[in-house]
């Protein structure tokens, strides 16, 4: 997978992070709402992350709406929900030089951006 950021343009945090990336960075911007993640892409992300659960956002409004906190989810369940609706993906997700950076914690974002500048 080429260097990519999976993000949601309507998310204020994602917009702020994407805006902080150098325009010189060779990065593919993947809008997860306009272009939902395919099963193949999700499998690649899972291979890098080590689990589907690691890619899953418990902050998604649908997490609460589906009452998922009161259910025991398997890896297949996480995969199902990630493919079902884009908001279940923790975001942004950077894949840079076959390393994955999931979420918006400042230290992770800084590591992803630093990795981009080492081309």
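Just so it is clear, none of the values below were taken in a lab; they were calculated from the coordinates. Worth saying up front: this structure is predicted, and the values here are computed from it rather than measured. Heads up, the Cβs are rebuilt from the backbone with ideal geometry, glycines too, and the neighbour counts pull from every protein chain shown.
The table below gives the values:
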| read-out | value |
| --- | --- |
| In nm, spacing of pseudo-spin labels at residue 10 and residue 61 (7 Å Cα→C-beta vector) | 0.8 |
| Residue of 37, 21, 100 that the Gaussian network model of the chain assigns the largest fluctuation, springs spanning Cα pairs under 10 Å | 21 |
| C-alpha center-to-center spacing [segment 1-65, segment 67-119] in angstrom | 6 |
| Cα gyration tensor category, rounded, prolate or oblate, for segment 53-93 with a/c compared to 1.5 | oblate |
| Virtual spin-label span in nm between residue 80 and residue 40, 7 Å along Cα→Cβ | 2.5 |
| Mean separation of Cα contacts under 8 Å (6+ apart) over length of segment 4-116, as relative contact order % | 32 |
| Nearest 10 degrees, 0 to 90: helix 39-49 Cα axis against the chain principal axis | 70 |
| Global form of segment 1-48, assessed from the alpha-carbon gyration tensor, a/c cut-off 1.5 | oblate |
| Rounded to 10°, Cα long-axis angle of helix 106-116 versus longest principal axis of the chain | 50 |
| Read-out Kirkwood radius over Cα pairs in Å, derived from the coordinates shown; its label in (1) 14.6; (2) 18.3; (3) 17.1 | (1) |
| Distance in nm between pseudo-label sites at residue 28 and residue 110 (7 Å out along the Cβ direction from Cα) | 2.9 |
| Mean residue ellipticity (222 nm) of the chain, computed from DSSP H runs ≥ 4 via -39,500 (n - 2.57), nearest 500 | -10500 deg cm²/dmol |
